[in-house]
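Working notes for the structure below.
The values are calculated or read from the model by the stated rules, or taken from the named source; none is laboratory data. Source: prediction; values computed, not measured. Virtual Cβ from ideal backbone geometry, glycine too; neighbours counted across all protein chains shown.
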Amino acid sequence: MQTDILVIGSGIAGLTYALKTAQQMPDKKITILTKTQSDETNTKYAQGGIAGVTDFDHDSFQKHIEDTLIAGDGLCNPHIVEIVVKEGVERINELIAWGAQFDKDPEGDYKLGKEGGHSENRILHHKDVTGKEMERALLEAIKKSSNIELINHCFVLDIITQHHLGYLVTKSTPDIECYGVYVLNLSTNKIEKIIAGITMLATGGNGQVYRSTTNPAIATGDGVAMVYRAKGRIENIEFIQFHPTALYEAGVRGHSFLITEAVRGDGGILRNAAGEAFMERYDERKDLAPRDIVARAIDNEMKINGTEFVYLDCRHMNQQNFREHFPNIYEKCLSIGVDVSKDMIPVSPAAHYSCGGVKTDEYARTSVKNLYAAGECASTGLHGANRLASNSLLEAMVFAHRAYVDTVKYFETAPSNVERIFPDWNTAGTSAPKEMILITQSLKEMKLLMSDYVGIVRNNERLQRANRRIDLLHEETEHLYEHTEVSPQLCELRNMITVSYLIIKSAELRKESRGLHFNTDYPEKQTILQNTIL
Ligand code: FAD
Ligand code: SIN
């Protein structure tokens, strides 16, 4: 199959980019691939909303820039922060023009929420299901675009580069080029080649490498692993953001329900097992301190008290307002026997967001030619060592737009197609999988070691242990991969082991504590600021 533009991923980044390129270049064919259903994305689960300066009476670009820089703890790229904050407003307006609806007050002004690290109320939201509303609006707009084909259940295995033409490709090869992808079509169970002029990687996050995460099952870091295998650059991937307040449900681990930070923005208070409002002991901003601080404080309280959760107390809040702003949370809590007007909500931190990823420039270009990356899989320089809440949907839209601008330029001067013969996927020496246990057990081990050794608080010994264990899992999984027919389960395991390795390696290289990376053997910050690039 040939396409002009190939988009991998149907979350906010992939859909925004596809819509824009389709509208601007109606003669180009745009193909979107997604590994499950089109709306099964991290985007769909976003609750709090999208940050943006819309109320210029109280807020300003400068304040949003400063809040982002403070949260990022010295590692944000100030130029990128300015781009995102200033261009973000236009992107939000485009989203509204595509049909996304955000809550308004009776006067018709947007109701602006507040979350940790924000000095002003600036978060547009659709009750507590903002991502679902955005995904709905974008998918409806995509359906109306005749030059976009969206194909579900297509698992991208690898990007095609010169390596597949028989050339030696290493990290120092100049001009590594992307020509498309190999994909396992789950409808036919066949591995196909899709050749594309431009490829956009919008594969989302990697929360599934941890035992407890707010991310759905699709978030397995496939894009990052593919780029690393293709010898592209990965940056700052040690900075994994743990959301302080995932709903604690005994026995539920793989995909935890989020209790949005906006609940604390509206007055929710964290309490420990003794009922004490403990955040004032950790930070003067109390419950609305940036996420790294709140998550570490909760982790510490749980360890001191030997509990698996703390409480979020909403009993004092106006209950009618709570039900209006957070109907989804209200219903979910009720379904497990927690009435927020009478009971405190049990919460614990869960892996939530990957601040690093595929290194990109200000036009979302990766180190691999003709390959863009946007959204959570990318490392743009916006988040630095810790992402400010509700900045990621904004970032995804801004860089999807910038990639689109660059793509239009590319096609204005694109060289005529060079005929290249790419080999078919090589299945020699593989046979049907004998036992799923070889995959599922390794998956459990990986999640456990990442949660226990490479979580909110790290130290050298834990990282060394993690390194040794991931090496073994890597070796066993590569052996399995070489001898077994590919399946999404096997490929996701392989990708997650690669991503785990990258997180551990980057964490070992960072000999300091900064933002989301806290190593008790190096509790201070280094004076030299540097990104970790692998
Ligand atoms: P996603 O939306 O995750 O989409 C990834 C896509 O890639 C999917 O379509 C998937 O099928 C596809 N894909 C992946 N691998 C492959 C493969 N191998 N082959 C084919 N397709 C593949 N951010 C905010 O700014 N505000 C919020 O309020 C907010 N709340 C959040 C709440 C939750 C519970 C979570 C989990 C995240 C939240 N975030 C929030 C973060 C934000 O939602 C994500 O960072 C963002 O939606 C990521 O968008 P994306 O387009 O990069 O990827
Ligand atoms: C939340 O609603 O608390 C999540 C916001 C985010 O991750 O940006």
In this structure, is His125 without any contact (Cβ under 8 Å) to a residue 60 or more places away in the chain, buried (at least 24 other Cβ atoms within 10 Å of the Cβ) and either within 20 Å of Gly14 (Cβ to Cβ) or of a type outside the set (Lys, Arg) (or both)?
-> no
Pick from the stretch 473-518 the residues that are within 15 Å of ligand 1 (Cβ to nearest atom) and among the β-branched types (Val, Ile, Thr): which of them is farthest from Ser431 (Cα to Cα)?
-> Val499
Is there a residue in the stretch 296-318 that is touching a residue at least 60 places away in the same chain (Cβ under 8 Å), of a type in the set (Gly, Ala, Ser) and surrounded by 15 or more Cβ atoms within 10 Å (Cβ to Cβ)?
-> no
What is the number of the single condition among (1) part of a strand (DSSP E or B); (2) free of Cβ contacts under 8 Å to residues at least 12 places away in the same chain; (3) not hydrophobic (A, V, I, L, M, F, W, C) that Gly251 does not meet?
-> (1)
Which one is nearest to Gly204 (Cα to Cα) among residues in the stretch 219-265 that are surrounded by fewer than 22 Cβ atoms within 10 Å (Cβ to Cβ) and hydrophobic (A, V, I, L, M, F, W, C)?
-> Phe257
Pairs with Cβ under 6 Å, 6+ apart, first in the stretch 23-48 and closer than 30 Å to Lys114 by Cα and within 16 Å of ligand 2 (Cβ to nearest atom), second modelled with pLDDT under 95 and among the β-branched types (Val, Ile, Thr) = Gln47/Thr260; Gly48/Thr260
For the stretch 431-465, name all the residues that are assigned to a helix (DSSP H, G or I), under 24 Å from Ala295 (Cα atoms), in contact with a strand residue (DSSP E or B) (Cβ under 9 Å, 6 or more places away or on another chain) and among the hydrophobic types (A, V, I, L, M, F, W, C).
-> Met450, Leu463
Number of the condition not met by Thr170 [criteria: (1) of a type in the set (Val, Ile, Thr); (2) buried (at least 20 other Cβ atoms within 10 Å of the Cβ); (3) in a loop (DSSP other than H, G, I, E, B)] | (2)
If you go through Ser354, Ser348, Ser335, the only one that is polar (S, T, N, Q) and surrounded by fewer than 19 Cβ atoms within 10 Å (Cβ to Cβ) is Ser335
Pair list, Cβ < 9 Å and 6+ apart or interchain, from the stretch 61-76 residues that are closer than 21 Å to Thr360 by Cβ to residues that are buried (at least 23 other Cβ atoms within 10 Å of the Cβ) and among the acidic types (Asp, Glu) = Ala71/Asp292; Asp73/Asp292
Residue under evaluation His164, criteria (1) more than 15 Å from ligand 1 (Cβ to nearest atom); (2) assigned to a helix (DSSP H, G or I); (3) in contact with a helix residue (DSSP H, G or I) (Cβ under 6 Å, 6 or more places away or on another chain), criterion not met | (3)
